[in-house]
Each structure stands twice: as C-alpha cells, then as structure tokens.
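Chemist: The structure is given below, and queries will be raised subsequently.
The values are calculated or read from the model by the stated rules, or taken from the named source; none is laboratory data. Given the structure is predicted, the values throughout are model-derived calculations rather than measurements. Here the Cβ is made from the backbone with ideal geometry for all residues, glycine too, and neighbour counts use every protein chain on show.
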Amino acid sequence: MIKVFIKLLPPYPHVPLLYPNLGKQERQSILFLNNAFAHLEEPIVHVTENPRDADFFLLPHNYSGVRRETAYLKGFADLARRHGKKTIVIAHGDSSAPIPFPDAVIFRTSQYAYEKRGNEITMPAYAEDLLGGNPLMPRPLRQEPPVVGFCGWTEYKDLKNRAGTLARDAWVTARSILTRRPELLAETKGITLRRRALAVLECSGAVRPNIIRRGSYSGHASTIKMDPSRARWEYVDNMLQSDFSLVVKGDGNYSYRFYETLSLGRVPLFLNTACRLPLEDVVDYGAFTVFVEQGQMHRLADVAAERYRGFTPEGFLQMQRRAREAFEKYLRVDSFFRYAVEHLL
C-alpha cells in the first residue's frame, strides 16, 4: 500500500479515494452519486503525516473544486517539489483543459484522444453499481430487430439554451474546417449528438428504439423535473429492457451511462467521439461494446442490427457477462482505484 501525504483545505470535500481513511461524505445535490461508493470500505492508500515518508503527495480535493485556490495549489506543489515527490491529482468532471500542476500524475474522466497529455490517466466516472448485489439478468437473443434503449436529457431547456448550443456547435464546426482537423467535431455538444443519434435510430427500421426523452438533466437536484426515485427506476428499466444501450458523451467527453450499462451487464452501443477509455491496454472493450465512430453516425442503426444478427445465443450472453465482469473487476470505483494504485503509479 502506497503512502501519501495530504493537506486538507476546509470546507472542500475530500476525494472518494480517501473515504476509507477520512470517512464518507454525503453529497445531496448530485443525485445517486453516493451509491457509487458503496464498495469503498477498505483503505487503498495509507495517509502519512510526514511528507518525507510519503511515496506521493495526493491533492486531497477534486481539482475542479479547488482550481481557483491558487495559493493553496502553489503551496502544495512547492512542498511536493521540495521533498522530491510526485503529486497525484484527481480531476473528475467535464473539463478536458490542461491542468497546470507541475510534476503530477493526473487522473481525469474527460479526455479527447488527440490532446491527451503524457502525465494523464483516464479514469472511469463515479458510477453506481446498478445491480446492487443482485444476480446478473442477461437478455436472451431474439429473432427480431434489436431493441436500442436510451433514457435521458435530449430537449433544450429554453430558447437561450438552444441558441447557445447552436452557436457553440457552429464555432466547433468552423474551427474544424478552418484548421482542417475533422477530429475536432468530437467537441460538438453532447445534447446535439444525442438528438442526431436518436433521429437516426427512429428513422430506421433496422432496430426498435426504446427511447424516453427528458427535458432536463436528471442527475442533479437543481435540474431534475420529476420524482428522483421514479426517474432512476425508468432509467434502469430502460437499460434492462434493451439489447443495446445507446451511449453518447455529455458536456465532457465521457459518459456515466457507459459504466452504468456495464454494471447491469448490458451491451453499450457507443458513439465514439475521440474517446479515451480507462485501462485500454488491459480491458478488451471490443469484447462487450459495439463502437460506431462519430463520422459513421448515419450507420448507427445498421451497425447495431448487423452485429445483432451475427450473434449466437451463447455469444450474446457471453458478451453481457464480460460487460459485467469488466465493470466489477476494473471499472467500479473501488476496483479502478485499487488497480491504479497497484499498477499505474
């Protein structure tokens, strides 16, 4: 077990990696998030009070929360430098902007493959294990078009939100054209990509869409517009009643839905927007995920149907088992942190 030195800055919450050491902190505003840490029970790192004894310094707060605390960050970085230690930084959230933290190992959720820096490691989102201790319930292969499910935010909040989204997407498109870099289209807003992807599915006879559209984000107390327990039930049931679960990025280039789909042992239909996934050299994502590149979005339904027709009954069941196994072994919060500390640092 590695030893880390930390320096807390109240009142900011500490990162979940430290929950076994310092205690869990309930977050009421971000709905369902607390359930993601149910398996974080045993310490993964040892906290030492003496910086000389530490293997690493660990920034004990999520970077996005303290990024404006420049004096604190500078003091922590300077102390690490004086002791000749690297710093572990956790940046869970939507930003993919460079993190100007010297000599750090940075774990982050949102990354684009064309701008990943050498000191960055992709981490999974803090996703709940939706099986909740229940046995896996695989879907059998059926002699009919596959069901592609999606339950989530697809509608503009108001005219201002629509106008802002369209303006941002126009800027992304123009930048891509002017620089002759088509890969930059990956930065198109998530709601735009979701709307386009759902339109493809709904206009095709190759699949059966199972879609629940929502007019707001249902993962935060300030934006949810319905009873949280019902919202969560509909979300989970939509995945369970589908052969594929459509996965498209949000504002950041990652998706909670991807990991939640895997936790249920369902097959993601993954729209790839230049994504980097955690532990790509360890986890064989192709064994349980159907990938469609962003430039091939128009073929989303056809690719799903083609893959489904190619499955054998046992092969489809095995794909679902592998999805669950990957989540449980590598991508659940506790599993990823434990692997990362033992193998990546």
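Chemist: Just one of the numbered conditions (1) in contact with a strand residue (DSSP E or B) (Cβ under 8 Å, 6 or more places away or on another chain); (2) part of a loop (DSSP other than H, G, I, E, B); (3) modelled with pLDDT of 95 or more is not true of Pro140; which one?
Modeler: Result: Pro140 fails condition (1) only.
Chemist: Out of everything in the range 1-57 that is assigned to a loop (DSSP other than H, G, I, E, B) and basic (Lys, Arg), what residue ends up being farthest from Phe327 (Cα to Cα)?
Modeler: Just the residues of the range 1-57 that are assigned to a loop (DSSP other than H, G, I, E, B), to begin with: 1-2, 6-15, 23-29, 31-32, 38-45, 48-50, 54-55.
Pick out the ones that are also basic (Lys, Arg) and you get 7, 24, 27.
Details: Lys7: 32, Lys24: 22, Arg27: 23 Å.
By that ranking, first place goes to Lys7.
Chemist: So, of the residues in the range 154-169 that are under 24 Å from the mean Cα position of the chain (by Cα) and part of a loop (DSSP other than H, G, I, E, B), which turns out to be nearest to Ala186 (Cα to Cα)?
Modeler: Thr154
Chemist: Output the residue which, of all residues in the range 103-147 that are in contact with a helix residue (DSSP H, G or I) (Cβ under 9 Å, 6 or more places away or on another chain) and small (Gly, Ala, Ser), is nearest to Leu271 (Cα to Cα).
Modeler: The qualifying residue nearest to Leu271 (Cα to Cα) is Ala113.
Chemist: Has the range 201-216 got at least one residue that is surrounded by fewer than 16 Cβ atoms within 10 Å (Cβ to Cβ), out of contact with any strand residue (DSSP E or B) (no Cβ under 8 Å at 6 or more places or on another chain) and either at pLDDT below 90 or assigned to a loop (DSSP other than H, G, I, E, B) (or both)?
Modeler: So far as the range 201-216 goes, yes, one or more of its residues are surrounded by fewer than 16 Cβ atoms within 10 Å (Cβ to Cβ), out of contact with any strand residue (DSSP E or B) (no Cβ under 8 Å at 6 or more places or on another chain) and either at pLDDT below 90 or assigned to a loop (DSSP other than H, G, I, E, B) (or both).
Chemist: Among the residues of the range 293-300, is there at least one that is of a type outside the set (D, E, K, R) and crowded, with 24+ Cβ neighbours inside 10 Å?
Modeler: Yes, the range 293-300 contains a residue that is of a type outside the set (D, E, K, R) and crowded, with 24+ Cβ neighbours inside 10 Å.
Chemist: Condition first: under 16 Å from Phe316 (Cα atoms) and in a strand (DSSP E or B). Now tell me which residues in the range 240-276 satisfy that.
Modeler: Phe244, Ser245, Val267, Pro268, Leu269
Chemist: Can we say Leu136 is in contact (Cβ under 8 Å) with a residue 40 or more places away in the chain and surrounded by 12 or more Cβ atoms within 10 Å (Cβ to Cβ)?
Modeler: Taking the combined requirement at face value, the residue satisfies it.
Chemist: Looking only at residues that are free of Cβ contacts under 8 Å to residues at least 60 places away in the same chain and surrounded by fewer than 15 Cβ atoms within 10 Å (Cβ to Cβ) in the range 84-114, which one is farthest from the chain's Cα centre (by Cα)?
Modeler: For the range 84-114, the residue satisfying everything is Gly84.
Chemist: Listed residues Phe311, Phe336; which is under 17 Å from the mean Cα position of the chain (by Cα) and at pLDDT 95 or above? Working first, answer last.
Modeler: Working: Phe311 fails: under 17 Å from the mean Cα position of the chain (by Cα).
One residue alone meets the criteria, Phe336.
Chemist: Would you pick out the residues in the range 116-133 that are surrounded by fewer than 18 Cβ atoms within 10 Å (Cβ to Cβ) and within 16 Å of Met239 (Cβ to Cβ)?
Modeler: Of everything in the range 116-133, those that are surrounded by fewer than 18 Cβ atoms within 10 Å (Cβ to Cβ) and within 16 Å of Met239 (Cβ to Cβ) turn out to be Leu131, Gly132.
Chemist: Considering only the range 68-89, I want to know if a residue exists there that is of a type in the set (Asp, Glu) and closer than 23 Å to Thr122 by Cα. Spell out the reasoning first.
Modeler: Of the residues in the range 68-89, the ones of a type in the set (Asp, Glu) are 69, 78.
This time we only want the ones that are closer than 23 Å to Thr122 by Cα, so: none.
No - not one qualifying residue is present in the range 68-89.
Chemist: With the structure loaded, tell me whether Lys85 is at pLDDT 95 or above, over 30 Å from Thr273 (Cα atoms) and of a type in the set (D, E, K, R) or whether it fails that test.
Modeler: Values: at pLDDT 95 or above: yes; over 30 Å from Thr273 (Cα atoms): yes; of a type in the set (D, E, K, R): yes.
Taking the combined requirement at face value, the residue satisfies it.
Chemist: Quick check, is Ala71 assigned to a helix (DSSP H, G or I), crowded, with 17+ Cβ neighbours inside 10 Å and hydrophobic (A, V, I, L, M, F, W, C)?
Modeler: So Ala71 does not fit the description; no.
Chemist: Among the residues of the range 307-321, write down those that are closer than 19 Å to Leu246 by Cβ and touching a helix residue (DSSP H, G or I) at 6+ places or on another chain (Cβ under 9 Å).
Modeler: Tyr308, Phe311, Phe316, Met319
Chemist: Restricting attention to the range 228-276, which residues are of a type in the set (D, E, K, R) and over 15 Å from the mean Cα position of the chain (by Cα)?
Modeler: Once the filter is applied, which keeps residues that are of a type in the set (D, E, K, R) and over 15 Å from the mean Cα position of the chain (by Cα), the range 228-276 yields Arg230, Arg232, Glu234, Asp237, Asp243, Arg266.
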